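A.B. asks: My questions all concern the structure below.
The values are calculated or read from the model by the stated rules, or taken from the named source; none is laboratory data. Bear in mind the structure is a predicted one, so any value in this text is a computation, not a measurement. FYI the Cβ positions are ideal-geometry reconstructions off the backbone, even for glycines, and counts take in every protein chain you see.
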């Protein structure tokens, strides 16, 4: 495989064939993210992508899923993306699902009909970084879209038949807007109604604008108990028809995996126990991105 730069993928794609079709992120402006610092976004050439698919055809026959790296494969023009998915379907017939990151911009650029075509070619799940449902916070972190557009694009993906996994960031609003961020994020998640929600806890990365803001006192990072309270408020405000709410990423202080809505109240009670000191939190040195 021809990998370049930093390769990231969702935790649920750990056993997938990682096919890098782009390098970097099409936005690459979020103030908290240092993954692609200094990396100019580009789509890899057809010959490299085809060579990697041929490699997978020969050596990856035990893996049943493909994940299209990097930051936003859905931004690839429709004709080229159709060609890539068609090659995967033809050369890797044992693959049951293809996944990719998506953002509001890339979803907006695709028509509903184009999304349905991609879905028919095996693209089965999209991972969308919401981060927050609070418009003030979204503007501050330069996410590139506000909450109502996030809702529309999330609903658009779901209506096209994709499974949707939405990522949110605990602590991203700082101390001042923590509760607003939690409530508003619950509101947006409820409106999108995705199959999966993944809550990560903010870890500041040196060299990023948000880290600089924290060093200068312009941003206050919340402590573990405040993070748990934010998570509790967010879950309480989130009403999913049917879905999983995960907060079991390596960055989180308290592993949570709740089937919503059935396990919502039990999960809130578990967080209350942790806030009361009856359940130990993950020590700082064991947290990771």
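A.B. asks: Which one of the conditions (1) part of a loop (DSSP other than H, G, I, E, B); (2) under 21 Å from residue 130 (Cα atoms); (3) at pLDDT 95 or above does residue 289 fail to meet, given that it meets all the rest?
C.D. replies: If we test residue 289 against (1) part of a loop (DSSP other than H, G, I, E, B); (2) under 21 Å from residue 130 (Cα atoms); (3) at pLDDT 95 or above, just (3) comes out false.
A.B. asks: Which pairs turn up if I take residues in the stretch 1-28 that are part of a helix (DSSP H, G or I) and look for partners that are at pLDDT 90 or above with beta carbon separation below 7 Å, at least 6 apart in sequence or on another chain?
C.D. replies: As it stands, the answer is 13/65; 13/67; 13/99, since those pairs meet every condition given.
A.B. asks: Here is a further query. Based on what the data block shows, is residue 127 within 25 Å of residue 230 (Cα to Cα) and touching a strand residue (DSSP E or B) at 6+ places or on another chain (Cβ under 8 Å)? Spell out the reasoning first.
C.D. replies: Values: within 25 Å of residue 230 (Cα to Cα): yes; touching a strand residue (DSSP E or B) at 6+ places or on another chain (Cβ under 8 Å): yes.
Spelling it out, residue 127 is indeed within 25 Å of residue 230 (Cα to Cα) and touching a strand residue (DSSP E or B) at 6+ places or on another chain (Cβ under 8 Å).
A.B. asks: Any idea which of 41, 67, 55, 32 is on the phi < 0 side of the Ramachandran plot and at pLDDT below 95? Reasoning before the result, please.
C.D. replies: Details: 67 fails: at pLDDT below 95; 55 fails: at pLDDT below 95; 32 fails: at pLDDT below 95.
Just one listed residue meets the conditions, 41.
A.B. asks: Also: Could you list all residues from the stretch 220-230 that are out of contact with any strand residue (DSSP E or B) (no Cβ under 6 Å at 6 or more places or on another chain), within 16 Å of residue 274 (Cα to Cα) and touching a residue at least 24 places away in the same chain (Cβ under 8 Å)?
C.D. replies: First pass over the stretch 220-230, keeping only residues out of contact with any strand residue (DSSP E or B) (no Cβ under 6 Å at 6 or more places or on another chain): 220-226, 228-229.
Next, only the ones that are within 16 Å of residue 274 (Cα to Cα) stay: 223-226, 228-229.
Answer for the stretch 220-230, where residues must be out of contact with any strand residue (DSSP E or B) (no Cβ under 6 Å at 6 or more places or on another chain), within 16 Å of residue 274 (Cα to Cα) and touching a residue at least 24 places away in the same chain (Cβ under 8 Å): 224, 225, 226, 228, 229.
A.B. asks: I would also like to ask the following. Kindly indicate which of 115, 74, 126 is at negative phi, buried (at least 22 other Cβ atoms within 10 Å of the Cβ), touching a residue at least 12 places away in the same chain (Cβ under 8 Å) and outside any helix (DSSP H, G or I). I'd like the intermediate steps shown before the answer.
C.D. replies: Numbers: 115 fails: outside any helix (DSSP H, G or I); 74 fails: outside any helix (DSSP H, G or I).
Checking each option against the conditions leaves just 126.
A.B. asks: Right, something else. For the stretch 33-49, which residues satisfy the criterion of being loosely packed, with under 13 Cβ neighbours inside 10 Å and assigned to a loop (DSSP other than H, G, I, E, B)?
C.D. replies: Within the stretch 33-49, 37, 38, 40, 45 meet the criteria.
A.B. asks: A further question on this structure: From the list 254, 210, 204, 240, which one is buried (at least 18 other Cβ atoms within 10 Å of the Cβ) and in contact (Cβ under 8 Å) with a residue 60 or more places away in the chain?
C.D. replies: Exactly one of 254, 210, 204, 240 is buried (at least 18 other Cβ atoms within 10 Å of the Cβ) and in contact (Cβ under 8 Å) with a residue 60 or more places away in the chain, namely 210.
A.B. asks: Can I ask one more? Give 85, 109, 81 a once-over and let me know the one that is more than 14 Å from the chain's Cα centre (by Cα) and either without any contact (Cβ under 8 Å) to a residue 12 or more places away in the chain or surrounded by fewer than 16 Cβ atoms within 10 Å (Cβ to Cβ) (or both).
C.D. replies: On the way: 85 fails: either without any contact (Cβ under 8 Å) to a residue 12 or more places away in the chain or surrounded by fewer than 16 Cβ atoms within 10 Å (Cβ to Cβ) (or both); 81 fails: either without any contact (Cβ under 8 Å) to a residue 12 or more places away in the chain or surrounded by fewer than 16 Cβ atoms within 10 Å (Cβ to Cβ) (or both).
109 is the lone residue from the list that is more than 14 Å from the chain's Cα centre (by Cα) and either without any contact (Cβ under 8 Å) to a residue 12 or more places away in the chain or surrounded by fewer than 16 Cβ atoms within 10 Å (Cβ to Cβ) (or both).
A.B. asks: Sticking with this one: Considering the stretch 88-105 alone, what residues qualify as being within 17 Å of the chain's Cα centre (by Cα) and not in a strand (DSSP E or B)? If you could, list the steps in order and put the result at the bottom.
C.D. replies: To start, the set of residues in the stretch 88-105 that are within 17 Å of the chain's Cα centre (by Cα) comprises 98-105.
103, 104, 105 - these are the residues of the stretch 88-105 that are within 17 Å of the chain's Cα centre (by Cα) and not in a strand (DSSP E or B).
A.B. asks: Please indicate, with yes or no, whether at least one residue in the stretch 192-207 is in a helix (DSSP H, G or I), farther than 22 Å from residue 29 by Cα and touching a helix residue (DSSP H, G or I) at 6+ places or on another chain (Cβ under 8 Å). First the steps, then the outcome.
C.D. replies: Start the filter on the stretch 192-207 by keeping residues that are in a helix (DSSP H, G or I), which leaves 192.
From what's left, farther than 22 Å from residue 29 by Cα: 192.
Remaining after also requiring touching a helix residue (DSSP H, G or I) at 6+ places or on another chain (Cβ under 8 Å): 192.
Checked the stretch 192-207: at least one residue is in a helix (DSSP H, G or I), farther than 22 Å from residue 29 by Cα and touching a helix residue (DSSP H, G or I) at 6+ places or on another chain (Cβ under 8 Å).
A.B. asks: Pick from 268, 281, 275, 228: which is in contact with a helix residue (DSSP H, G or I) (Cβ under 7 Å, 6 or more places away or on another chain), modelled with pLDDT under 95 and over 30 Å from residue 39 (Cα atoms)?
C.D. replies: On the way: 268 fails: modelled with pLDDT under 95; 275 fails: modelled with pLDDT under 95; 228 fails: modelled with pLDDT under 95.
Answer to the check: 281.
A.B. asks: Confirm whether residue 14 is crowded, with 20+ Cβ neighbours inside 10 Å and closer than 30 Å to residue 208 by Cα.
C.D. replies: Values: crowded, with 20+ Cβ neighbours inside 10 Å: no; closer than 30 Å to residue 208 by Cα: yes.
No; evaluated as a whole, the condition is false for this residue.
A.B. asks: Of the conditions (1) assigned to a helix (DSSP H, G or I); (2) surrounded by fewer than 19 Cβ atoms within 10 Å (Cβ to Cβ), residue 228 clears all except one; give me its number.
C.D. replies: (2)
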